[in-house]
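To start, the structure itself, in structure tokens.
Just so it is clear, none of the values below were taken in a lab; they were calculated from the coordinates. Since the structure is predicted, the reported quantities are computational estimates derived from the model, not experimental observations. Because the Cβ atoms are built from the backbone with ideal geometry, glycine has one as well, and the counts that use them run over all protein chains shown.
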Amino acid sequence: SESSQFCDAGIGYGESCGVSSSSSTKLLIKGGTVVNAHDMEVADVYVEDGIIVAVRPNIKVGDDVTVLDATGKFVMPGGIDPHTHLAFEFMGSETIDDFFSGQAAALAGGTTMHIDFVIPVNGSLLSGLEAYEKKSKKSCMDYGFHMAITKWDEVVSKEMEIMVNEKGINSFKFFMAYKGSLMINDELLLQGFQKCKSLGALAMVHAENGDGAYEGQRRMIELGITGPEGHALSRPPVLEGEATARAIKLAGFVNTPLYVVHVMSIDAMEEISEARKSGQKVIGEPVVSGLVLNDSWLWDPDFITAAKYVMSPPIRAAGHGEALQAALSMGALQLVGTDHCPFNSTQKALGIDDFQKIPNGVNGIEERMHLVWDTMVESGQISVTDYVRVTSTECARIFNIYPRKGAIRAGSDADIIILNPNSSFEISAKSHHSRSDTNVFEGWRGKGKVEVTISGGRVVWLNDELKVFPGSGKYVEMRPFSYLFNGIGKADEKYLSSLKAPVKRFRATT
Ligand code: URP
Ligand code: ZN
Ligand code: ZN
Ligand code: ZN
């Protein structure tokens with residue numbers, strides 16, 4: 001295998017990668033097991049002009065059609081990563097993957113769409129979006145945006161309406177941590193939740209008690225603990241559990257659906273699970289690093305080795321990841337993201353004397369599909385159909401782009417992967433396609449390999465070769481009022497009618 005499979009020339013380089021540049025617009029995937037979130041069958045998949053035209057056994061085609069044999073393999077919807085940060089300016093640095101290199105890495109790992117977080121500029125959503133529109137021009141796969149809310153006033157409130165009604169954004173993220181930069185308070189959280197509800201947009205939270213984490217950092221520095229392990233010690237699971245519970249209760253008070261990003265601990269997972277049992281509409285997103293890693297590396301004496309695992313909330317002690325896996329398998333958590341936010345060794349070294357200055361973030365966009373397969377399916381914890389649900393379909397439903405995305409069926413976008421369950425994969429910074437010089441999953445070997453990735457009807461990953469072009473990715477607009485909003489109005493009516501009697505009494509006495 002070649003040492004650098006990713007020809008990083010930045011322009012159309014299909015030839016040099018050894019894949020024919022004649023890209024047929026007609027494609028037949030023959031004889032594979034086609035998997036959707038609720039069923040699977042042996043069938044052919046016929047694609048024309050980027051759209052799936054037919055899914056049934058024994059489709060006959062002419063010889064102008066490119067045929068891919070998928071016998072004995074799984075044909076599945078491409079992965080959708082709900083949580084990435086490409087070209088993200090954060091903690092005095094910028095993530096090493098931009099919209100081209102990050103997406104190329106994604107495609108090599110079987111992910112065909114991602115949703116990235118737009119960060120406002122000085123609180124302005126419109127300026128933030130403008131900046132991300134520029135960053136994403138070089139995209140080589142489809143993408144969507146969430147929008148972060150970092151301050152509150154009438155302008156922001158109006159801009160939220162513009163985002164939803166004109167810009168195709170249907171989710172807003174609130175950071176309960178990162179005191180002094182992105183963090184917001186409960187008052188803003190409540191106003192934001194209220195506005196989300198009125199727009200049919202999904203409220204998302206980074207749930208950690210930011211004041212607690214700040215206090216924990218003071219404590220570590222006082223104790224003389226300045227290494228990467230200080231990061232984990234300063235923000236223990238209790239802070240994640242507390243913020244998760246607070247966000248859930250406030251979303252319940254407003255009566256709007258809530259999405260908790262990067263669920264890293266048992267503490268947070270249990271809050272989500274309990275709320276769901278009581279009927280509240282709460283979604284929990286574990287990320288692949290949290291599912292399969294533990295905190296042991298943070299104590300590695302080599303700074304760079306330890307620092308590459310620094311993210312927030314922290315990767316937890318052994319036991320948390322296994323519990324998150326179990327929660328994913330029984331439905332307490334619903335979909336898997338990555339929080340792909342890679343910084344290379346030089347960037348991580350900003351915190352060599354002080355863990356508080358280590359840029360927070362790990363990789364995962366290229367590894368998620370393989371690691372979820374290996375850890376969840378190969379181990380017998382979930383079925384192949386569940387795999388499709390947690391890596392693709394549920395994300396498409398939550399962000400209201402199903403069945404255009406997240407399904408192998410006539411009319412859907414031709415974002416398709418072919419996975420060979422009998423082949424194996426190995427992860428290394430030497431062979432990955434991210435620009436990062438490290439990989440938190442270094443050395444992982446597992447079963448089940450994405451052998452083919454089709455993005456918008458084009459074969460972009462085949463024979464371990466990428467063929468991607470900047471500018472070929474499309475922005476996917478997402479409409480408000482996903483399925484999570486079903487029933488919200490009914491619950492409101494019930495609440496209001498429960499108030500009627502006391503409201504009348506109050507009026508009578510004034
Ligand atoms: O450490 C992390 N998670 N970095 C990315 C920003 C965020 O909080 O999602
Ligand atoms: Zn190549
Ligand atoms: Zn976060
Ligand atoms: Zn994130």
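Observations
- Averaged over residues, the count of other Cβ atoms within 10 Å places the peptides 274-280, 190-196 in the sequence 190-196, 274-280, highest first.
- Within the chain, helix-based [θ] at 222 nm, where runs of 4 or more DSSP H residues each add -39,500 (n - 2.57), nearest 500: -9000 deg cm²/dmol
- DSSP bridge pairs, the chain: antiparallel proportion in percent, nearest 5: 50 percent
- In order along region 106-119, the Karplus-derived 3J(HN,Hα) couplings, from 6.51 cos²θ - 1.76 cosθ + 1.60 at θ = phi - 60°, round to 4, 4, 5, x, x, 9, 10, 8, 9, 10, 9, 9, 6, 9 Hz, and Gly and Pro are given as x.
- Inter-part distance where region 328-378 and region 406-421 are each reduced to a Cα centre, Å: 25 Å
- Taking Lys and Arg as +1 and Asp and Glu as -1, the other residues whose beta-carbon sits under 12 Å from that of I59 total +2.
- Ranked packing of 477-489, 55-67, 445-457, 333-345, most packed first, by mean Cβ within 10 Å: 333-345, 445-457, 477-489, 55-67
- Proximal aspartates and glutamates relative to K348, as straight alpha-carbon distance under 13 Å, when same-chain residues fewer than 8 apart are discounted: E94, D302, D437
- Cross-link pairs K405/K490; K167/K197; K135/K405 - those with Cα-Cα distance over 20 Å: K405/K490; K135/K405
- ³J(HN,Hα) computed for each position of region 313-318 - Karplus, 6.51 cos²θ - 1.76 cosθ + 1.60, integer Hz, glycine/proline x: x, x, 5, 8, 4, 3
- Net lengthening on full extension, F481/K249 (0.36 nm per residue, minus Cα-Cα): 81.4 nm
- Relative contact order for region 149-232, counting Cα pairs under 8 Å that sit 6 or more residues apart, in percent: 30 percent
- Of the two radii for region 84-198, the radius of gyration is 0.98 times the Kirkwood radius, both from the alpha carbons; that is the Rg over Rh value.
- With each label modelled as a point 7 angstrom along the Cα→C-beta vector, the N463-D64 pair spans 2.5 nm.
- Euclidean distance of C-alpha centroids, region 29-87 and region 244-295, integer Å: 33 Å
- Charge tally in the Cβ shell below 11 Å around A203, where Lys, Arg are +1 and Asp, Glu are -1, A203 excluded: +4
- Extension gain, S424 to E89: 0.36 nm times the residue separation minus the Cα-Cα distance gives 117.1 nm.
- Net charge of neighbours whose Cβ lies under 13 Å from the Cβ of F303, counting Lys and Arg as +1 and Asp and Glu as -1: -2
- Sequence-separation-based contact order of the chain, relative, with Cα cut under 8 Å and 6+ spacing, percent: 23 percent
- Placing R0 at 41 angstrom, the Cβ-Cβ distance between T305 and M330 gives a FRET efficiency of 0.75 after rounding to 0.05.
- Per-residue HN-Hα couplings for region 374-380 [Karplus 6.51, -1.76, 1.60; θ = phi - 60°; Hz; x = Gly/Pro]: 5, 7, 9, 8, 4, 7, x
- Remark on the chain: Rg and Dmax equal 22.7, 84 Å (Cα only).
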